[in-house]
Every structure is written in structure tokens, then in C-alpha cells.
Amino acid sequence: QETTPWACALSVGLAGALQGDMRSGDLVADLQGADMTLIESARETAAALGAPIHFGKIAHAERVLATPAEKADFARGLRAAAVDMESLPLRHWAQRRDIPFYAVRVILDAAGDTLPREIPAGEGFLDLARYAIGNIGDLPLLLSTGLKQRNAMRALSSFLEAFLARL
């Protein structure tokens, strides 16, 4: 029997809320099959940081769910807490190798929030200027989403630093 050097696969990043009680900056942990000590460690770490944490399934979407209606349609019947676009390939990789898979994400957009349908192509000033000229009406939404992302990633970084140190 082949042994693996991997204790687990962990997917981290942003997610969209599918439940009404989740807010931008809240943590969501998909720890299905985990030992209770791992779950309690996540709960205690979040509590020590004053960070709200939710436990539940993180579903996969092929595209950004930009409106509350799209999120509600997607969530119907799934029994999922949140949605992301990145965790599924890692989940499948881990399953093929019989490695435990977990996801810890931070909520970017609440279930009732709207996201920009498009994002700027590129990161340079000219790219942003072209986007701004072509999407002037979306700029307030893009800016507020950018601020949420910055705050959400700070919350996730703080949690992961403390959580992983406890393991």
C-alpha cells in the first residue's frame, strides 16, 4: 500500500453566502468528516478572534452568482452554507488519493448582496481606466466589493494564522 505525505487537503479563499444569516467577513468551514477536536479548534480560534464562523457544506458553481436571485435559485435544494468556484477540483484530487478534504473560506458577498457582473481585465492603471469608462454605472458596486474583499481577506488571514498554529 502506497503512503501519502499529505495529512489533508485544505481549500481557502473567498465564498459567497447562500444562507441569510451570513455577512461579509464571516468565516465558513466545510469540515465534513473531521475529528471533533479539529472542529472545536476552529470554533475556539474564531471565538478568540471575535470572528463569526459557520459550519456547513461549501457548494461549487461554474460562474459567479452575481444577484440574490441567482444565489437563491442555486441554493434551492442544496443544503449548502456557501458557494465557491475553486474547491471542487481539490476535493476530487483529495478523494482520488483518500486524503481528507476541508475548506475554510471567508464570505465576500452575503446572500442578499449583488456583485459586479464583470471585473477589470488586467491590473494596470490603463486596464482600470478602460473598465471605468465602459462601466461607469458599476463603479460604486466594484469599489464596495473591493473594500469587502480587503476586509474579508484580513479576517481569513488572521483566522488561518491562529488556527494553523494550534494544529
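The values are calculated or read from the model by the stated rules, or taken from the named source; none is laboratory data. All of these numbers come straight from a predicted model, not from anything done at the bench. All Cβ positions, even for glycine, are placed from backbone atoms using ideal geometry, and neighbour counts span all protein chains on display. Please note that ligands, DNA and RNA were not included when accessible areas were found on the heavy atoms of the full protein model with its side chains. Shrake-Rupley method; radii C 1.70, N 1.55, O 1.52, S 1.80 Å.
Brief remarks follow.
- Some residue of segment 52-66 being within 16 Å of residue 162 (Cα to Cα) and not in a strand (DSSP E or B): yes
- Residues (of a type in the set (Asp, Glu) and open to solvent by 10 Å² or more (accessible area, probe 1.4 Å)) located in segment 11-61: 21, 26, 35, 40, 44
- Single residue of 98, 73 found to be open to solvent by 50 Å² or more (accessible area, probe 1.4 Å), in a loop (DSSP other than H, G, I, E, B) and more than 20 Å from residue 27 (Cα to Cα): 98
- Only residues that are among the charged types (D, E, K, R) and either out of contact with any strand residue (DSSP E or B) (no Cβ under 6 Å at 6 or more places or on another chain) or open to solvent by 60 Å² or more (accessible area, probe 1.4 Å) (or both) were counted across segment 76-95, and they come to 3.
Listed here are the residues, each with its yes/no results for (1) more than 14 Å from the chain's Cα centre (by Cα); (2) among the basic types (Lys, Arg); (3) within 25 Å of residue 145 (Cβ to Cβ).
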position: 54; (1), (2), (3): no, no, yes
position: 57; (1), (2), (3): no, yes, yes
position: 60; (1), (2), (3): no, no, yes
position: 64; (1), (2), (3): no, no, yes
position: 83; (1), (2), (3): no, no, yes
position: 88; (1), (2), (3): no, no, yes
position: 96; (1), (2), (3): yes, yes, no
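- Residues that are in contact (Cβ under 8 Å) with a residue 12 or more places away in the chain and out of contact with any Ser or Thr (no Cβ under 8 Å at 6 or more places or on another chain), drawn from segment 22-37: 22, 23, 24, 25, 26, 27, 28, 29, 31, 32, 33, 34
- Selection status of residue 95, without any contact (Cβ under 8 Å) to a residue 24 or more places away in the chain, under 23 Å from residue 6 (Cα atoms) and out of contact with any Cys (no Cβ under 8 Å at 6 or more places or on another chain): yes
- Qualifying residue in segment 99-112 (condition: without any contact (Cβ under 8 Å) to a residue 60 or more places away in the chain and out of contact with any Phe, Trp or Tyr (no Cβ under 6 Å at 6 or more places or on another chain)): no
- Verdict on residue 90 being outside any helix (DSSP H, G or I) and within 30 Å of residue 41 (Cβ to Cβ): no
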